[in-house]
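The values are calculated or read from the model by the stated rules, or taken from the named source; none is laboratory data. Fair warning: this is a prediction, and the values are worked out from it, not measured in the lab. Because the Cβ atoms are built from the backbone with ideal geometry, glycine has one as well, and the counts that use them run over all protein chains shown.
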Amino acid sequence: MAEGDSAAIRNGTVRRRLRRAAMFVASLVLVAVLWELYKVVGPEAGGRLFGWNILPRSNDRAMPHVWEMLSRYGRPEIRSSDRKIWSVVLAGAWFSFRLALVGFVIGSLLGLGLSIVMARFRFVERGVLPYLIVSQTVPLIALAPLVVSWGGKLEIFGWEWPRWLSASVLGAFLAFFPVAVGALRGLRSAPAAAVELMESYAASWWQTLRKLRFPSAIPYIVPALKLAASSSVIGVVVAEISTGLKGGIGRLIIEYAREATGDPAKVFTAVFGAALLGLAMSGFVTLADIYMMRNRPKEAST
Amino acid sequence: MSAVELTGVSKIFNKGAGNQVDALLDIDLSISTGEFVSLIGPSGCGKSTLLRLIANLIEPTDGSLIVNGKSPKQARLDQDYGMAFQQSGLFEWRSVAKNIELPLELKGWSAAKRRERALEMLELVKLTDFADHYPWQLSGGMQQRVAIARALAVHPALLLMDEPFGALDEMTREHMQSELLSICRKAGTTVVFVTHSIPEAVYLSNRVVVMSPRPGRITEVIDVEIKGDRSDSTRDDKAFFSGISAVRAALRGVELDSTARGIEDR
Amino acid sequence: MSSRFGSFVRSVIPPLIFGTIFIALWELAVKGLDLKPYFLAAPSTIWQMFVENFGLIWGATKVSGANALIGLLTGTLFGVLMSLVLSRFRILNDIVTPLAIALNAVPIFVLVAVLNNMFSITSEIPRRIMVMLVVYFIVLINVARGLTQVSATHVELMKSYAASDLAILRKVRVPNAVPFLFTALKVAAPASVITAFVSEYFGGSQNGLGSRITSNIAISKNSVAWAYVLGACLLGLAFYIVSSVLEGAATPGRSTRRTRVSR
């Protein structure tokens, strides 16, 4: 490949990325426009459509203007405090981010570990994999309140279970399954010829794992990690909501929602904060993805 | 001194079951050190199976094999042979040099020695400038050269090749054949080469082993009468053409008994 | 044929063994170590509570299940319609797709807090809208991909027949998109149950499974809460099985494995 070729391809990729970013911004603007449009057109007190009460109220209290939501960030959280809302929301998002990160890391490591055991022992794979797959279809999130209730009550040799740990445990629990399933698929994806090659070198199972199976599993592990990251965020936020865990973004959302009658734009600030949290986790995994796949051929994206 | 000795070797898959396959039956073959031997035959004649038996990737049902004076298993553990496949089988996440270093890593060589040997091999296949490139940046022919470099990295006495040039176009193929010969000549390597192509078998080998389809047997072993080292002019040599005819006749003799397919007449 | 029986045994026996051992260990751990009910309930206790409270559990299941189902159906409908629009107007496709993909990473169920304010406090509508939104994006991304990622050769062939865009849509794009739709449903169905659930944690009407779990914990009846969790799992499983069956019925012989799902 000539030097000029790779430079041209790189420029094309950059242009494509810029275009995609511009489209993303355009889509946000589109959503804002649609929001305001409904406010102009929609019924003030909510309405009926085909006999059902499904049209939301479009008055300023139920649906604040977009610019009101954005400007709310600049004003203080509560009337008596000096702290601007954006710093409160950011702190809450950061708190939840750390919990989600801990859950994500623990869940992913455990998932990877199990996938290696399953790859090594076919019997374990056959016995455990069906449950792993089924677990992804079942609402494990239902366990959230139970796990969270351990907080403050559970004691192990005098060490009391901190409430925030329940949130991370839930996040880890949800992150575990996609990683275990995806990593196993990846470990099994090494081409037969490559496995034969390693056999011809009389390589041990562990050497084959390190040098062949694991690297060829990475394209499968990365999408699983993305799923695990968003699952971990969901787990943490749900845990926060069902207990009102202090400091997290979930609690902020609930609190501000209660004040919505007096201060309608406030809850949106927290909602956007939660969105930021999700995007940050996803961005974290994407960075890891770029690093891990840096030397591989780029798949032609559609 | 024979590099590979097969006596009465048979390989039957799924013996006794409904889907039993008699891949090889009663194979006797002796390959001397430094010889270049091709295995040719229609699809299903067991040539790849035979190669894998020598490589100890599968076990024979019957008979004995001696590779480099040892059991095939010991030869594999000692890395006495290098292997190359039709798919170059390079690891896409490793650079060209690191791909060549793979067998050396497994043998526990130090990083400095590995790098040195890898560069030596790259020099041999004339790809020194591409040491830090990645496989997907290279053409098919170049990837196969890297695969051959990797196979030779441990300086093996024996080279086992399973249709390594099958996926290449005609011109690259002829070029690679010349390259392979010059490399093996320098190193004195014994080569067992599986192919579908009659001209390729005749050009490369001292002897061509013609095999029949299931159950795989050796029909005939043809001595190639080309004198001296092969070169581009060899392809116009009378001995080359008579060699091709001889092999084709032996294969046709096989074809008279069963409608076998899969031989290229290029 | 002995090999088919053999493979059946090999795929059913190990999960049964692992499952039985797991439940046995669980039971032993709780009874043997005398674990407090607020930590973990024994399988036998859970089953007992499930049977005793079945009527209540079923009632709550119907509420949550209805929310999930309505959201699933409407979300699928709008998702399919919108993806048809997107396949027609490619510029819209380029605008909407990055947003939809970004939303995958975001816990959009928090919007329920906002939706609750837009409707009356006893309404189940916010939850249904939430499920609809979640399902909508899943279906949208996948069906749009199915409609647009068609083999160029097929399209060229149709153009050589001077076929109209509508004909190409009907004869090439839509059939291509059908497996994508069903793969999306297999993801959306469990997601709808989960979302219906999680939406109940934000306040509002308290008749569904999620709220019953929290309320039972609040009065320290954790074993009963576990029974509701079991009910929830069964609901989710039922949704998944139905969507799998539908997939099998609608795409006989077709392999959906090549359509990698995007969440």
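Table: residues versus (1) at pLDDT below 85; (2) within 28 Å of residue C:195 (Cβ to Cβ).
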residue: A:212; (1), (2): no, no
residue: A:215; (1), (2): no, no
residue: A:223; (1), (2): no, yes
residue: A:245; (1), (2): yes, yes
residue: A:262; (1), (2): yes, no
residue: A:291; (1), (2): no, no
Would you point out the residue of segment C:181-212, among those that are facing chain A (nearest Cβ under 8 Å) and of a type in the set (A, V, I, L, M), that is farthest from residue A:251 (Cα to Cα)? C:189
Could you check, for segment C:3-22, whether at least one of its residues is part of a helix (DSSP H, G or I), touching a residue at least 12 places away in the same chain (Cβ under 8 Å) and surrounded by 11 or more Cβ atoms within 10 Å (Cβ to Cβ)? no
Restricted to segment B:230-239 and to residues being touching a residue at least 40 places away in the same chain (Cβ under 8 Å) and over 19 Å from the mean Cα position of the chain (by Cα), the residue surrounded by the most Cβ atoms within 10 Å (Cβ to Cβ) is B:235
Just to be sure, is residue C:97 within 14 Å of chain A (Cβ to nearest Cβ), closer than 24 Å to residue A:31 by Cβ and modelled with pLDDT of 90 or more? no
Matching residues in segment A:262-290 - criterion: being farther than 19 Å from residue A:96 by Cα and within 8 Å of another protein chain (Cβ to nearest Cβ): A:264
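Conditions (1) crowded, with 17+ Cβ neighbours inside 10 Å; (2) free of Cβ contacts under 8 Å to residues at least 60 places away in the same chain, marked per residue:
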| position | (1), (2) |
| --- | --- |
| C:202 | yes, no |
| C:210 | yes, no |
| C:225 | yes, yes |
| C:239 | yes, no |
| C:243 | yes, no |
| C:246 | no, no |
Qualifying position, being surrounded by 22 or more Cβ atoms within 10 Å (Cβ to Cβ) and farther than 22 Å from residue A:277 by Cβ, among C:69, C:86: C:86
In segment B:156-207, anything crowded, with 23+ Cβ neighbours inside 10 Å, closer than 15 Å to residue B:143 by Cα and touching a Phe, Trp or Tyr at 6+ places or on another chain (Cβ under 9 Å) is listed as B:161, B:164, B:180
Could you tell me whether residue A:225 is part of a helix (DSSP H, G or I), within 11 Å of chain B (Cβ to nearest Cβ), in contact with a Phe, Trp or Tyr (Cβ under 9 Å, 6 or more places away or on another chain) and of a type outside the set (Ser, Thr, Tyr)? no
Of A:142, A:172, A:167, A:100, which residue is under 19 Å from the mean Cα position of the chain (by Cα), more than 14 Å from chain C (Cβ to nearest Cβ), crowded, with 24+ Cβ neighbours inside 10 Å and over 20 Å from residue A:210 (Cα atoms)? A:172
Quickly run through segment B:66-81 and pick out the residues that are in contact with a helix residue (DSSP H, G or I) (Cβ under 7 Å, 6 or more places away or on another chain) and more than 8 Å from chain A (Cβ to nearest Cβ). B:67, B:68, B:72
Tell me the residue from B:158, B:138 that is within 14 Å of chain A (Cβ to nearest Cβ), in contact with an Asp or Glu (Cβ under 7 Å, 6 or more places away or on another chain), touching a residue at least 40 places away in the same chain (Cβ under 8 Å) and aliphatic (A, V, I, L, M), please. B:158
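Conditions tested, residue by residue: (1) at pLDDT 90 or above; (2) in contact with a Pro (Cβ under 8 Å, 6 or more places away or on another chain); (3) not polar (S, T, N, Q).
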| site | (1), (2), (3) |
| --- | --- |
| C:143 | yes, no, yes |
| C:161 | no, no, yes |
| C:171 | no, no, yes |
| C:176 | no, no, no |
| C:183 | no, no, no |
| C:206 | no, no, no |
| C:211 | no, no, no |
Filter segment C:144-190 down to residues that are among the hydroxyl-bearing types (Ser, Thr, Tyr) and under 29 Å from residue C:64 (Cα atoms), then give me how many there are. 1
Given the conditions (1) away from chain A (no Cβ under 14 Å); (2) at pLDDT 90 or above; (3) in contact with a helix residue (DSSP H, G or I) (Cβ under 9 Å, 6 or more places away or on another chain), every one holds for residue B:97 apart from (1)
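I'd like to check something: does segment A:239-257 contain any residue that is touching a Pro at 6+ places or on another chain (Cβ under 6 Å), assigned to a helix (DSSP H, G or I), at the interface with chain C (Cβ under 9 Å from one of its Cβ atoms) and in contact (Cβ under 8 Å) with a residue 40 or more places away in the chain?
yes
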Go through segment B:147-226 and tell me which strands (runs of 3 or more DSSP E), entirely inside it, have 1 or more residues that are more than 20 Å from residue B:89 (Cα to Cα). B:190-195, B:207-212, B:217-223
Considering each of B:150, B:145, B:173 in turn, give the residue that is touching a residue at least 60 places away in the same chain (Cβ under 8 Å) and closer than 28 Å to residue B:49 by Cα. B:150
I'd like the full set of residues that are charged (D, E, K, R) and more than 14 Å from chain A (Cβ to nearest Cβ), limited to segment B:23-65. B:26, B:28, B:35, B:47, B:62
Residue ID - nearest to residue C:145 (Cα to Cα), chosen from residues in segment C:90-110 that are in contact with a helix residue (DSSP H, G or I) (Cβ under 6 Å, 6 or more places away or on another chain) and outside any helix (DSSP H, G or I): C:105
Of all residues being more than 10 Å from chain B (Cβ to nearest Cβ) and farther than 19 Å from residue B:98 by Cα in segment A:207-222, which is farthest from the chain's Cα centre (by Cα)? Just the residue, please. A:220
Yes or no: residue B:15 more than 14 Å from chain A (Cβ to nearest Cβ), surrounded by fewer than 17 Cβ atoms within 10 Å (Cβ to Cβ), more than 20 Å from residue B:208 (Cβ to Cβ) and basic (Lys, Arg)? yes
Residue identified as within 19 Å of the chain's Cα centre (by Cα) and either in a helix (DSSP H, G or I) or within 11 Å of chain A (Cβ to nearest Cβ) (or both) among C:126, C:175: C:126
For segment C:213-252, which residues satisfy the criterion of being over 30 Å from residue C:181 (Cβ atoms), at the interface with chain A (Cβ under 10 Å from one of its Cβ atoms) and in a helix (DSSP H, G or I)? C:213, C:214, C:215, C:216, C:217, C:218, C:222, C:225, C:226, C:228, C:229, C:230
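Please work out if residue A:222 is surrounded by fewer than 23 Cβ atoms within 10 Å (Cβ to Cβ) and more than 24 Å from residue B:76 (Cβ to Cβ). Break it down stepwise before answering.
Numbers: surrounded by fewer than 23 Cβ atoms within 10 Å (Cβ to Cβ): yes; more than 24 Å from residue B:76 (Cβ to Cβ): yes.
It is true that residue A:222 is surrounded by fewer than 23 Cβ atoms within 10 Å (Cβ to Cβ) and more than 24 Å from residue B:76 (Cβ to Cβ).
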